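Beneath this line is the structure, given in structure tokens, with notes to follow.
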Amino acid sequence: MKAWIPPLIIAVMLFTACRREESAIHRRTSNEVAIRLEAEPDRLNPLLSTSTYAHQVFNPLHLYLMNYDPTTLVLVPQLLEESPRVQRLQSGPFAGGTRYSFTIRKEAVWDNGKPVTGRDYETTLKLVFNAFLPTLGYRTFLESIREFRLDAANPRKFSMVLNDTYFAGLEALTNVVPVLPRHVVDASGVMDTIPLMALITNPTPEAQEAAFPGLKEFADKYLSERFSRDPVGVAGVGPYRLVSWEAGQEILLEKKTTWWGNALAADNPAFVALPDRLRFKVIPDPVTALTALQNEELDVMQSVAPDDFVRLRTDSLTQAHFAMYTPSSMSSYFIALNTRIPVLSDALVRRALAHAVDVDELITTVFAGFGTRTATPLHPSSAEYNAALKPIPFSLEKAGVLLAQAGWQDSDGNGILDKRIAGKKKELRITYLANASKQSSLVLAELIRSNARKVGVDVVIEARDANTMLERLRNRDFEMVSAGRSITPQWSPSQNWRTDSDNRSGFGDAQTDSMIDAMEREPNQSRRWVISRKLQQAIYDQQPEIMLFCPQERLLIHKRFEAVPTPVWPGYHPLAFRLIKR
Amino acid sequence: MSGFLLKKILSLLLALWVISILLFFLQRAAPGDAVLRLGRAFSGEMYHVHPLAAEAIYRAEAQRRGLNLPAFYISVQPAFFPDTLYRIQYPEALALQRALLLETGDWSKVQAFYGALTRCYSFVAEDPSDRESIFWQQRLSELVRVETLAEARILWKTSVHRLGRYRHQGQAIGNLLDQLAVSRPGVMSWLPTLRWQGWDNQYHRWFRQWLRGDLGVSLRDGRKVGEKLGEALPWTLWINGAAILLAYLFAFPMGIFLALKGRGRLGQLLRNTLLVLYALPSFWVGSMLLLLATSPELGYDFFRVSGWLALKQGGGFWADPFAWMAQLSLPVICMAYGLAAFLAHYLQHSFSAVLQEPFVAFARTRGISGFRLYFGHVLPNALLPQVVFVAELVPTLFSGSVIIEYLFNVPGMGRLLLDSLVSQDWPTVYSFVLLIAFLTAFGLLFSDMLLQWTDPRIRIAASQSPPS
């Protein structure tokens, strides 16, 4: 026998003997939730952050005047004592407008013991309208404000007037930005003498600099690290405070020891805050994150890759320690078609392309079945959804018929349809813009390309990085592009479907604009939904977007916590995680 | 020697300056606009619904970043280009005016046309919303985005019948379009003109700041770049330093063994193993180690992927050296194995080559043998070529590996570079690349000096070479 064989056998035996055996005992037992972040936030400032992941981290620090209940998706008072009084104004300087009167809870106090007042919210709005801060995106929701009035007798009372009646007006006024502490963000009172309406009516930097010379300097200070990473500078009235932020590693939040909201939690789910600590760990690589999860270094992981999720369903170690959830996420995927370009200006061609997309195959192949088809921009589970509209079925035959009806035929026998447009032969060739860094986007592109080719449409795939894609979308420099959007509890089509809005596909006309206007101004929900369903029908008929599906979130939550998934991103509400005592 | 040193230093400084200029222009050529990437500030909503407000805020932000200055000391443009084109920062405004200028060559008319467009837009935007004002806001926004004069004229022609109450403002636009249609740049005006833009330009500001040690502020999170590099550097130094040390600890005995005793089957097996190690890609090895050594699925989870923070907070290496070694081991192995294989192979060849030298045979005849011969005479000569690697090792020590740090979640320089590139955080990318360029230059200089010092043949040759 060769001399090296026995030592080799012993080495293999030793190696296999050193395996750590599975155990059902949880490795961590503290009341601390460890959450994975795919990328590090840029800032923890709700007005300045541009990172999606920042929201997960700064939300426990702040409260809104009203907020959506994560389970029922109903807008409920949070900092407010009750829903505001709403009054339509028939006369006076704001005739035709709507006055909202608010009262902040008497229990709500800042960390220094001082009460939360209307002045705090006014200061927050002044930050939004400071032209030197990159808060432009919030102004669309709030620029209809025509008056902000503080109650001289009661600092917790204030009112705001909007210039019209908007069904989403309450959401805009109470749920767009949280209430920030005036004594922190404007400790020296720079904005005290600047009326909010002056900032709203003079929106350009030049006008504001001329009228209020100190505003630019104030904005420069507000953009500093202090209000983005410092525990004092990012503090809010919420149940948690920032303890530490180790760059590239983790962010630790700790529950405030004497938080006023604790007394209200029993009767009001908006104030439930059970974990002692929230530890957000930055782990960009999904394989590394999954390994950390299986080692119980994490308690929650969202957006698990579909194939991994399916595999973990049969992994005994994972099943021993983790519960798996697939809540519907309030988001949808679609393919936008730029109707401004001649080839895609014909609704028949767009409908034909919709028939050429095998969405069921896509859900099965790329998302392992975790998705629900949708036919409109709304979630199919929404009561507002037009259930009469069925998802466009995959049918190459129907696609061919529609293209023929639109006048496209293969006159030269090269397999690509063509048509004479303005005297010139034009081939049916469309460029598809895909996200080069997302595998699912590339697979979708390839699926579309291969099916479209079978009906004579030549789809050319252009893969670009995410930043370039965003810029091209903004400039409407695309023909076909896959995209996603989050679905809000209340559908407000004016942002994306009005002809003069951020309407990427170029959908619509005066008739759909007036439908949207009527919807926006209809306070009665039933009547509004009737108009909404008509609008959904119009979108469905025109097919400016090929609606794909609403994905299901894929979540793993440690069994040491009792947790209920929610449809609101990221699919769980960590503040409601209850530690199960063993 | 001092003359040589001075010449070397001057040429390296010149190289660094050229690298800084190339870097500066490369980032300007990269797709994407750093100001527009302020996310919500320039969401499609604001961009299309309130373009004038978006433009005003863009200009204010661009001014804050110094983007309202000329890019460089000189500009090279056709003669009909104005020397103040850099003052137009808003991308759409710049793209439109530049496109029309290239077609027509008449800057004053192009400027007047754009001015008429924006005045008309402001006038229409102040009107109450009705079908006509909405139409004209849209049409004027589309006009700003045209790429050619012909496109603009077609768009105007198809809309002019709807001017209505905007006839007066619209007339100026129509007239200017007609005037632009008959303008063409003269042939001679295409000749490139060199223009001095002054000392106050973007590059000069940035480079002067950098020389003063102010690396700037990160565009991503507003933190000082120096601080970010300072936080990331220790982790990279630990991993790369340990990897280099481990690589040499392995390579030295292996290389010498192969040179002295490597003729048999064992030697062949070891050489093949080294070849395989050298060929294995580190991202694959890292992924395998991650799955095999940290994942509990197979039961061999002796290492953890997170724990860097615990090390940092635990009080330094000597407070808990075993924890440090455990945490560092996987990434260090990934960094070291390829380098170790290469160094062992290289040392084996240089050692074998020196063994053939006549002086070795002479030493043997004088009775010098064994340890004294190999380590006293052969090894110092075999190590001489290794001095060249110093030039590469110095920047390697600081630069970090993007793949290894990403896989093992190390908050080092490699991951910082990747995050900065993805988020187009150019001040951080600049500083990082310039730092590595500086270290490479320093490494080259140091290895040259070391070679001169260790190899008397080079010193003698240098002193005997005729003055240039």
Using a 1.4 Å probe on heavy atoms of the protein chains only, the accessible area for residue B:108 in Å², nearest 10, reads 80 Å²
Apply the Karplus parameterisation 6.51 cos²θ - 1.76 cosθ + 1.60, with θ equal to phi minus 60°, to every residue of the stretch A:50-61 and state each ³J(HN,Hα) to the nearest whole Hz, in sequence, with x for glycine and proline. 10, 9, 4, 6, 5, 4, 4, 7, 8, 4, x, 8
Other protein chain Cβ atoms within 10 Å, averaged over every residue that makes up A:281-289: 6
Hey, got a sec? Which chymotrypsin sites (Phe, Trp or Tyr not before Pro) in the stretch A:65-119 land in a DSSP loop and have at most 16 other Cβ atoms within 10 Å? A:94
Filter on B:7/B:228; A:216/B:228; A:216/B:109 - keep pairs with C-alpha separation over 30 Å: B:7/B:228; A:216/B:109
Just list whichever of A:114/B:312; A:114/A:581; A:581/B:312; A:426/B:157; A:390/A:425; A:281/A:559 have alpha carbons separated by over 27 Å in the model shown. A:114/B:312; A:114/A:581; A:581/B:312; A:390/A:425
One would report the Cα pair-distance distribution of the protein assembly as shown, bin width 10 Å, in %, as 2, 8, 15, 20, 20, 16, 10, 5, 3, 1, 0, 0
C-alpha center-to-center spacing [the stretch B:114-169, the stretch A:80-104] in angstrom: 37 Å
In degrees from 0 to 90, rounded to the nearest 10, what is the angle of the helix B:107-126 Cα long axis to the longest principal axis of chain B? 70 degrees
Under a cut-off of 20 Å between alpha-carbon atoms, report the aspartates and glutamates in cross-link reach of residue A:255, not counting same-chain residues fewer than 8 places apart. A:32, A:107, A:111, A:230, A:246, A:267, A:276, A:299, A:562
How big is the gap, in Å, between the Cα center of the stretch A:511-582 and the Cα center of the stretch A:203-234? 35 Å
Rolling a 1.4 Å sphere over the protein heavy atoms, what is the accessible area per residue of the stretch B:225-464, to the nearest Å²? 49 Å²
Check cross-link reach from residue A:419 to the aspartates and glutamates: straight Cα distance under 19 Å, and skip same-chain residues fewer than eight apart. A:346, A:410, A:427, A:458, A:479
Straight-distance crosslink candidates among aspartates and glutamates, where the alpha carbon sits under 15 Å from residue B:8 and sequence neighbours closer than 8 are dropped: B:448
Treating the beta-carbon of each Lys and Arg as +1 and of each Asp and Glu as -1, no other charges, what is the dipole magnitude of the stretch B:33-211 about its Cα centre, to the nearest 20 debye? 220 debye
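Can you tell me the accessible area per residue over the stretch A:224-320, all protein chains present, probe 1.4 angstrom, in square angstrom?
35 Å²
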For chain B, find the longest principal axis of its Cα atoms and tell me its angle to the long axis of helix B:321-355, 0 to 90°, nearest 10. 70 degrees
What is the set of long-range amide H partners of residue A:63 at a cut-off below 5 Å, with H atoms built 1.01 Å from backbone N? A:179, A:237, A:238
Could you state the angle between the C-alpha long axis of helix B:2-29 and the longest principal axis of the C-alpha atoms of chain B, as a value from 0 to 90 degrees rounded to the nearest 10? 40 degrees
Could you tell me which of B:190, B:173, B:146 has its Cα farthest along the dipole of the stretch B:33-211 towards the positive end, charges placed at Cβ (Lys, Arg +1; Asp, Glu -1), taken about the Cα centre? B:190
Area accessible to solvent at residue B:86, 1.4 Å probe radius, in Å²: 70 Å²
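The values are calculated or read from the model by the stated rules, or taken from the named source; none is laboratory data. Computed from a prediction, not measured in an experiment: that's the story for all the values here. Every residue, glycine among them, receives a Cβ derived from its backbone with ideal geometry; neighbour counts consider all protein chains shown. SASA here: full protein model, heavy atoms, side chains in, ligands and nucleic acids out. Shrake-Rupley method; radii C 1.70, N 1.55, O 1.52, S 1.80 Å.
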